[in-house]
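The values are calculated or read from the model by the stated rules, or taken from the named source; none is laboratory data. What you see is a predicted model, and the numbers here were worked out from it, not measured in a lab. Quick reminder, even Gly has a Cβ in these numbers, built from the backbone with ideal geometry, and neighbours come from all protein chains shown. Note: accessible area is taken over every heavy atom of the protein model, side chains too, but ligands, DNA and RNA are not part of it. Shrake-Rupley method; radii C 1.70, N 1.55, O 1.52, S 1.80 Å.
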Protein chains: 2
Amino acid sequence: MRILIVEDEPTLGKQLKTTLEQSGYAVDLSVDGEDGHFLGSTEDYDAVILDLGLPEIDGLSVLGMWRREGRTFPVLVLTARDSWSDKVAGLDAGADDYLAKPFQTEELIARLRALIRRASGNTSSELTAGDVRLDTRSGRVTLAGEPVKLTAQEYKLLSYLMHHKGKVVSRTELIEHIYDQDFDRDSNTIEVFVTRIRKKLGAEIITTIRGLGYSLDDPADAPRA
Amino acid sequence: MRILIVEDEPTLGKQLKTTLEQSGYAVDLSVDGEDGHFLGSTEDYDAVILDLGLPEIDGLSVLGMWRREGRTFPVLVLTARDSWSDKVAGLDAGADDYLAKPFQTEELIARLRALIRRASGNTSSELTAGDVRLDTRSGRVTLAGEPVKLTAQEYKLLSYLMHHKGKVVSRTELIEHIYDQDFDRDSNTIEVFVTRIRKKLGAEIITTIRGLGYSLDDPADAPRA
DNA sequence: ATCCTCGACGATCAAAATGCGCATGAAAGG
DNA sequence: CCTTTCATGCGCATTTTGATCGTCGAGGAT
């Protein structure tokens with residue numbers, strides 16, 4: 001999952017970035033409204049964290065612009081503690097959730113997780129497919145009850161596929177969602193990780209559709225030949 | 001489905017081409033207005049993506065020429081971010097939708113899908129015929145609820161027929177819409193794929209009309225005595 | 001009319017060609 | 001050191017070709 005943070009205070013921004021990266025997200029960080037707006041318009045994000053108190057262009061305008069351009073990613077707005085009006089205005093402009101500063105990092109992560117889950121149409125924070133179970137809260141994966149150790153990238157890839165269970169996902173789409181900004185698109189890393197995940201969780205879990213991409217299916221929907 | 005991209009910036013053009021190909025489209029790419037105009041006038045496309053900021057002949061003229069020639073394919077216009085006049089002029093000249101650069105790839109794909117769907121007179125992104133169901137968003141096909149695994153070409157062929165349910169489609173038309181520019185039109189691949197699809201989905205699904213082509217009918221509409 | 005014959009077109013199969021995706025190991029990065 | 005990335009050759013699913021068989025329909029002969 002790939003996140004954009006638009007936050008003008010560099011310390012907080014960087015701290016958030018590392019925290020989220022440790023939680024398994026690919027994170028882009030922007031320190032001003034203009035750049036932030038550009039990134040949000042250009043790249044594919046699964047969620048955006050937006051500070052309203054930005055210099056130059058303020059957060060609200062950025063949000064408004066995105067929505068007018070038809071961007072649909074969920075936006076979590078950060079406001080000052082007692083700014084009632086900001087909250088209202090934010091929701092009006094199309095924010096999906098908001099959080100008052102200062103806040104607990106854990107709270108932020110929890111809300112973010114919920115936003116992404118809802119945006120992908122899932123209702124529970126536990127995603128399952130066959131006897132693979134992925135808990136987005138703890139970041140743990142189990143196979144038939146047994147915990148499985150996945151590396152960071154393996155987890156990101158699996159998580160994205162799990163969030164889009166049943167959909168055919170192209171290799172470019174995967175790259176765009178599990179890596180941040182600067183990444184060379186010409187490589188076979190995706191294939192490598194798919195292989196590794198299959199080794200750990202069983203080959204059946206991920207289906208290859210030649211020329212199109214991959215698809216993760218729940219065996220509950222009996223696949224036939 | 002076959003798409004024409006007219007985009008002068010080679011990097012963006014190629015990237016779009018591969019992305020769309022991974023989404024199951026046959027794609028022709030043209031880097032200048034003149035060539036683009038020629039292709040659009042000569043070949044049969046299900047949709048065209050047209051950048052307005054072209055060198056030599058500009059996009060608007062190309063669009064105008066096509067419309068005057070009676071070309072009806074849906075055109076998705078790419079404009080610079082804040083070029084209000086371009087947007088208006090574009091819609092005047094006969095564009096069906098427009099997208100401001102820069103944009104998110106997924107957004108483009110979604111709009112393209114919508115354009116093609118509308119152009120073929122369908123209202124939902126799920127196409128059905130008998131107990132065959134094709135979901136254009138996820139790219140999956142089910143038979144009586146059971147997921148069916150189709151290869152890339154099988155999917156393209158079926159998708160085209162589904163979009164033109166009830167219409168008699170000639171073999172040449174099929175070839176023109178599921179392959180791109182350079183393809184040897186003298187072969188029996190279409191027949192081969194029709195056979196394969198029939199094997200997977202049941203022979204009744206595709207009717208042969210001798211000397212004319214094929215037709216996919218919904219049994220709901222009384223087939224004909 | 002009915003049946004038969006013939007030609008054209010479509011269906012099917014098997015085998016060849018293509019190129020994608022997989023594995024593996026080495027290199028790089030943190 | 002562990003994880004991630006890059007590079008290379010191979011195997012195989014997919015696609016394509018070509019050949020053969022089946023089928024439909026028109027038209028002629030009976």
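Laid out as a table, the results:
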read-out	value
Simple Cβ-charge dipole of the range A:126-216, Lys/Arg +1 and Asp/Glu -1, about Cα centre, in debye nearest 20	300
Cα centroid of the range A:138-154 to Cα centroid of the range B:189-207, whole Å	42
P(r), alpha carbons of the range A:112-225 - 5 Å bins starting at zero, rounded %	2, 11, 23, 25, 21, 13, 4, 1
Accessible surface, per residue, of chain B when the full set of protein chains is kept, probe 1.4 Å, Å²	46
7 Å along Cα→Cβ, label-point gaps from A:Phe183 to other copies, nm, shortest first	3.2
The range B:1-51, dipole about Cα centre (Lys/Arg Cβ +1, Asp/Glu Cβ -1), debye to the nearest 20	260
Listed peptides B:161-167, A:158-164, A:146-152, B:1-7 by packing density, highest first (mean Cβ within 10 Å)	B:1-7, A:158-164, B:161-167, A:146-152
222 nm mean residue ellipticity, helices alone, for the protein assembly as shown (DSSP H n ≥ 4; -39,500 (n - 2.57); rounded to 500)	-12500 deg cm²/dmol
Residue of chain B nearest the B-to-A rotation axis [by Cβ], rounded angstrom distance	B:Ser124, 4
Other protein chain Cβ atoms within 10 Å, averaged over every residue that makes up B:102-108	6
Long-range amide H partners of B:Phe73 with built H, under 5 Å	none
Of all DSSP beta bridges in the range B:9-161, antiparallel share, percent nearest 5	55
Other copies of B:Gly121: label-to-label distances in nm, shortest first, labels 7 Å along the beta-carbon direction	2.8
Label point 7 Å beyond Cα of A:Ala110 along Cβ direction - residues of the range A:120-159 with amide nitrogen under 16 Å	A:125-126, A:136-139
Dipole in debye (nearest 20) - the protein assembly as shown, about Cα centre, beta carbon charges: Lys, Arg +1; Asp, Glu -1	2100
Interface burial for A against B (accessible surface, 1.4 Å probe, total of both chains, Å², rounded to 100)	2100
Share antiparallel - DSSP beta bridges, the protein assembly as shown, percent rounded to 5	45
Positions from the range B:6-37 whose accessible area shrinks by 50 Å² or more when the full protein complex is built, not the chain alone, probe 1.4 Å	B:Gln22
Above-threshold pairs, the threshold being 19 Å between Cα atoms, out of A:Lys167/B:Lys156; B:Lys14/B:Lys101; A:Lys156/B:Lys14; A:Lys149/A:Lys200; A:Lys165/B:Lys149; A:Lys167/B:Lys149	A:Lys156/B:Lys14
Volume in Å³ per residue [convex hull over Cα atoms, computed for the protein assembly as shown]	164
Percent carbon-and-sulfur accessible area, the protein assembly as shown, ignoring ligands, DNA and RNA, probe 1.4 Å	50
Rounded Å value of the spacing that divides the Cα centres of the range A:107-135 and the range B:14-50	38
Shielding by partners, peptide B:130-137 (average Cβ within 10 angstrom, other chains)	1
Debye-sum result for the range A:2-119 in log10 I(q)/I(0), which assumes one identical scatterer on each alpha carbon, at q = 0.15, 0.16, 0.20 Å⁻¹	-0.57, -0.65, -1.09
